[in-house]
Every structure is written in C-alpha cells, then in structure tokens.
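These notes concern the structure reproduced below.
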Amino acid sequence: MIVLGIESSCDETAVALLQGNKSTFRVLSSGMATQQAIHTRYGGVVPEVAARNHIAAIIPLVKKTLGSRIPDCIAVTAGPGLITSLLVGVHTARALAYIYKKQLVRVNHIEGHIYSNWFSSTGIRFPALALIVSGGHTELILMKGHGLYKKVGATLDDAAGEAFDKAAKIMDLGYPGGPAIAQRAKYGDPKAIPLPIPMLHSHDFRFSFSGLKTAVLYCIRDKKKQKIYSDAMRDDICASFQHSVVTVLVKKTCAAAQRYKVKSVLLGGGVAANLALRESLTNAVSTVPGKSLLAIAPLHYCTDNAAMIALAGYFRAKEKKFVSPLRCDANPAWELPSMKDAHDYYNPR
Ligand code: KG4
Ligand code: ZN
C-alpha cells in the first residue's frame, strides 16, 4: 500500500510518500519546507505567518513528492497543533482524496511521533510505553495495541521542548532552543551550576519544567549582577539544564516501564533528537528487569516530518479507519483516544 502523508501542524510543511508492506516500510520520496529561519526572528512560531507559508509551500511539495504516482491512501495530521496551520494540510488532503477518489485517514500528531519508532525497529511488541517529548508535548503513553492508547503521565506545565526553547531564549541562543542548548552543553560541566530536577521524587509519572526555566532565568540574573556571567558559564548552565531534563525523563520512563511490565519502550518527538537523552535512556532501559526492547526514532524522523504521519496512517488504513473527505476536520486540541473511544475517535460524527 502506498500512503501519502501530509503534516502541517506547526511550522514545517512536510509531505512524504511511503510504501508499507506488513512490517517493512520504505519512504519513496519526501519533501519539507521549513520556516525556522522566519520564526527565529520572533523567538517562536507566529501562527498567522506559519499558515501563510504553509499555503505557499504545500501544493508544490505535493506535486514534487508524488511525481507521476498516485497513492492508495492519504494520511493527514488533523491535530493537535495550530488550527490555522492544520487547516492547510487537512484541506489539501481533502481535496486530493476527493479528486483522486482515494481513502483518507486522520492522524493524530502524537501518534505520528509514536509510530516514527517503527522506522527503527520491526520487533516492537505490546504492551509498549512511549515517551513523546516535543515542543508541545511531554507524555508517557501506554500502548496495548495499534491505535490503543492510555496516557499514563504528562507535564503539568511546559513541555520539555518548550522548556529547551524558553531557556535558550533567556540565554540568547535563538530558536529552536533544543539543538542550540545541546550543542553548548557539550562544552559545559553539568555539575558546575546545579539546577533543580523537578518532580524527580514525586512517585508518579508527572513532569514539570516551568520552574526549571525560571531557575535558569534567576541564575543568569544573579550571575550578571555579580558580573561573573560568561560564555563558559552559559555552557555550564546548558549542560546542567540538559542534565536535569534528561534525568527526570529517563527515571520516570523506566519506572513506568517497570510498573506496566511493558515489552517495548519507545522514544519520539523533537527532543528525542537529543543525544544525551538517547544515550541515557538506552543505558537505563537495559537495566530495567524484563528485558524490554528499546526503539528510538531515527534522528531524522524525531522532529516533525510527514513520513511518520504516513506510517501511522498505514496502520489506520489497514484497520479501515477511513474518514469521508467532506467530514475530515482539524482539531487543534485533539487528545489521543483512550482505549474505549478509539472507534469514535477516528470517525468523528
Ligand atoms: O516534534 P517537534 O519537531 O515539534 C513539535 O511537535 O513540537 O519538536 C520540536 C522541539 C523544539 O522544542 C526543539 O527545541 C526540540 O524539539 N528539539 C530538541 C533537539 N532537537 C529539537 N530538544 C533537545 N535537544 C535536541 N537535540
Ligand atoms: Zn511534533
């Protein structure tokens, strides 16, 4: 089955053509129009600007990605995300499905990040636990089967990626902040300037990152007052910040993996591109009793992309979870379905 995936939930317009056959997946072609350079100026994504750029980019991308091929099915991110951005992808997908008379599936963006792990492993078994860490989400999701999710943990405030972005803004490191902080952290000492590790001992699967960002703000303000703030100190703060985020993510993921006796642990979302997190989770999962398999999304499929949407769409299409082009809508606050309402979820009334 050949699936055309379309992603436009934030500031990347992405289109990919994927060939799926049971557990083998091949990306036939893909295209991406990134708006990072535009939004860097503002220190974050400006929704109206993002939507206008999606409109300009999407049709040429679809044309280039498809070439002369016609997909069997179209999968589109229908939420969560910025409504003005989502609508561009959803309406494009609706039009394509209508014109080509092909089946259409709605994909939840988080679900796409979860399924990006199927690119790196064909041996994923259920129950699986996915840590999804991105600019908008920090969630631990228990997955009992394809399309069957239960959120077992989440952030109470900022997402991990959002914390990276805000801390980077405080340190004038530009947007997106994650890669910039990770780069500086390589030169810093994580122990030189200790920062809090929020909720580390809370005995639950909740996270909180807004206090950590404020700790960075106060730390820098104090160092500047004392006139001892330097580039080297900024590198230490980056290393310490990254250490705090990674430590709490890894500890709670392993605790949840043990608690739910999972067979696989998955890692996806933009922050999954963080090498310290990948390394630390790899080491920690190997010590969890029960020998869970760890799958980590390939680096180039961690941040937003359309191949992961096509892959999640492939599994939905196999289950015949189609939606009529005229009824396919975008939902900016679309939650992953709990196990019992999985059917209604893919078939909005
Ligand atoms: O998944 P994604 O592309 O978009 C959302 O769905 O939000 O994630 C983007 C987030 C940004 O907050 C960015 O700073 C973060 O992922 N990120 C990283 C790294 N690369 C991207 N965070 C930490 N380390 C990285 N290497
Ligand atoms: Zn994302």
Report, in deg cm²/dmol and to the nearest 500, the calculated mean residue ellipticity at 222 nm for the chain, where each DSSP H run with n ≥ 4 adds -39500 (n - 2.57) and the sum is divided by the residue count.
-13000 deg cm²/dmol
Along the charge dipole of the chain, pointing to its positive end and built from +1/-1 on Cβ of Lys, Arg, Asp and Glu, which listed residue (Val105, Ile170, Leu200) has its Cα farthest out?
Val105
Let me check against my output: what whole-number percent is the relative contact order of the range 125-296, with C-alpha pairs under 8 Å and at least 6 apart?
28 percent
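Do you know the relative contact order of the chain, to the nearest whole percent, from alpha carbon pairs under 8 angstrom that are 6+ apart?
Details: 778 pairs, mean separation 87.6, N = 349.
25 percent.
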Quick check on the exposure proxy: order Leu131, Leu249 from fewest to most C-beta atoms within 10 angstrom.
Leu249, Leu131
Grab the other residues whose beta carbon is less than 10 angstrom from that of Phe315, score K and R as +1, D and E as -1, and report the net.
+1
Cα gyration tensor of the range 125-296, axes a ≥ b ≥ c as square roots of the eigenvalues: rounded (a/c below 1.5), prolate (a/b > b/c) or oblate?
prolate
With +1 at each Lys and Arg Cβ and -1 at each Asp and Glu Cβ, the charge dipole magnitude of the chain around its Cα centre, to the nearest 20 debye, comes out at 700 debye
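Order of Val76, Val250, Val27 from fewest to most other C-beta atoms within 10 Å?
Result, fewest neighbours first: Val27, Val250, Val76.
Which net charge results for the neighbourhood of Leu293, defined as the other residues with beta-carbon distances under 12 angstrom from its beta-carbon, given Lys and Arg at +1 and Asp and Glu at -1?
Neighbourhood net charge equals +3.
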Taking the dipole about the Cα centre of the chain, with the C-beta of Lys and Arg at +1 and of Asp and Glu at -1, give me whichever of Ser134, Gly79, Met1 is farthest to the positive side.
Met1
Using only the C-alpha atoms of the chain, find the volume of their convex hull and express it per residue in Å³.
123 Å³
Of the listed peptides 178-191, 215-228, what is their order by residue-averaged count of other C-beta atoms within 10 Å, with the highest listed first?
178-191, 215-228
Local electrostatic count at Val15 - Lys and Arg +1, Asp and Glu -1, tallied over other residues with Cβ under 10 Å:
+1
Per-peptide average of other Cβ atoms within 10 Å, ordering 288-294, 203-209 highest first:
203-209, 288-294
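Give the residue list of chymotrypsin sites (Phe, Trp or Tyr not before Pro) in the range 1-101 that are DSSP loop and have at most 14 other beta-carbon atoms within 10 angstrom.
Tyr42
All of the numbers you see were taken from the coordinates with simple rules; none came from a lab. Note that this is a predicted model, so its numbers are computed, not measured. We place every Cβ from the backbone using ideal geometry, glycine too, and count neighbours over all the protein chains shown.
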